[in-house]
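Please treat every number below as a calculation from the coordinates, not as lab data. The shown structure was predicted, so the numbers you read here are calculated from the model rather than taken from an experiment. Every residue, glycine among them, receives a Cβ derived from its backbone with ideal geometry; neighbour counts consider all protein chains shown.
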Amino acid sequence: MSTLKTNIIDSHSGSTITVDSTAELILASTTTSTSATTGALTVAGGISTQENLYVGGNAVITGTMTATGGTITLGDAATDNVSFGG
């Protein structure tokens, strides 16, 4: 059984939110994000994950990025480009 708890839903205009039998949350919206305040899903607070994070498109980070522990791999093929600017 899945439970969705919410305090306020201001509006709904055509997107589908599904919690399937494996407790996966699926947001069926194709709204493109063009800033930190647009897109199919925007979150005002922080986001935490205890597992892997996969990004299928570009990851645009505004502000500071900190990577601690483990290995950082940039590029996975001889045809990749890795650019640094300052």
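General observations
- The HN-Hα couplings worked out from phi for segment 24-34 by the Karplus form 6.51 cos²θ - 1.76 cosθ + 1.60 (θ = phi - 60°) are 7, 8, 10, 10, 8, 9, 10, 5, 7, 8, 10 Hz, whole numbers, x standing for Gly and Pro.
- Projection of the Cα convex hull of segment 21-61, averaged over all directions and equal to a quarter of that hull's surface, yields 4.0 nm².
- Estimated FRET transfer efficiency (A23, N52; beta-carbon r; R0 30 Å; 0.05): 0.95
- The T37 and T66 beta-carbon pair, evaluated with R₀ = 30 Å, returns a calculated FRET efficiency of approximately 0.85.
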